[in-house]
Amino acid sequence: MEYEQLQQLLQNAERLYHEKQALLDSKKVRIIAGGVGRKPQLSIPEQIILTLFYLRHRKTFQILGIQFGVSESTANDTFNY
């Protein structure tokens with residue numbers, strides 16, 4: 001994959017993520033104000049790169065966690081998201 005292709009993939013994925021979140025948020029009935037709760041440990045581009053790295057190399061989530069500076073469960077949750 002070329003660098004320009006990766007940049008385009010990251011931009012499109014981030015745009016689609018925000019559109020999906022906006023749609024989901026518009027349908028929610030909130031009791032507590034939005035924006036509270038735990039923030040993700042990895043940014044959206046980092047989550048995509050972690051997923052691509054996993055799909056290409058099939059490393060364990062323990063190794064992925066070490067490489068991306070997160071726990072094994074966070075690496076697993078990122079991939080399953």
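Table for the structure above
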read-out: Single residue of segment 26-54 satisfying the filter (of a type in the set (A, V, I, L, M, F, W, C) and in contact with a helix residue (DSSP H, G or I) (Cβ under 9 Å, 6 or more places away or on another chain)) that is nearest to N76 (Cα to Cα); value: L50
read-out: Residue, surrounded by the most Cβ atoms within 10 Å (Cβ to Cβ), within segment 1-52, restricted to residues that are in a loop (DSSP other than H, G, I, E, B) and hydrophobic (A, V, I, L, M, F, W, C); value: L42
read-out: In segment 53-74, the residues that are of a type in the set (V, I, T) and surrounded by 14 or more Cβ atoms within 10 Å (Cβ to Cβ); value: I63, I66, V70, T74
read-out: Pair list, Cβ under 6 Å, 6 or more apart: segment 52-81 residue acidic (D, E), other residue surrounded by 14 or more Cβ atoms within 10 Å (Cβ to Cβ) and in a helix (DSSP H, G or I); value: E72/F61; E72/G65
read-out: Among (1) aliphatic (A, V, I, L, M); (2) over 20 Å from T78 (Cβ atoms); (3) in contact with a Pro (Cβ under 8 Å, 6 or more places away or on another chain) - the single one L23 does not satisfy; value: (3)
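Where a number appears in this text, it was derived from the coordinates with a stated rule and is not lab data. Just so it is clear, the structure is predicted and the values come from calculations on it, not from any experiment. Using ideal geometry, Cβ is built from the backbone for each residue, glycine included, and neighbour counts are taken over all protein chains shown.
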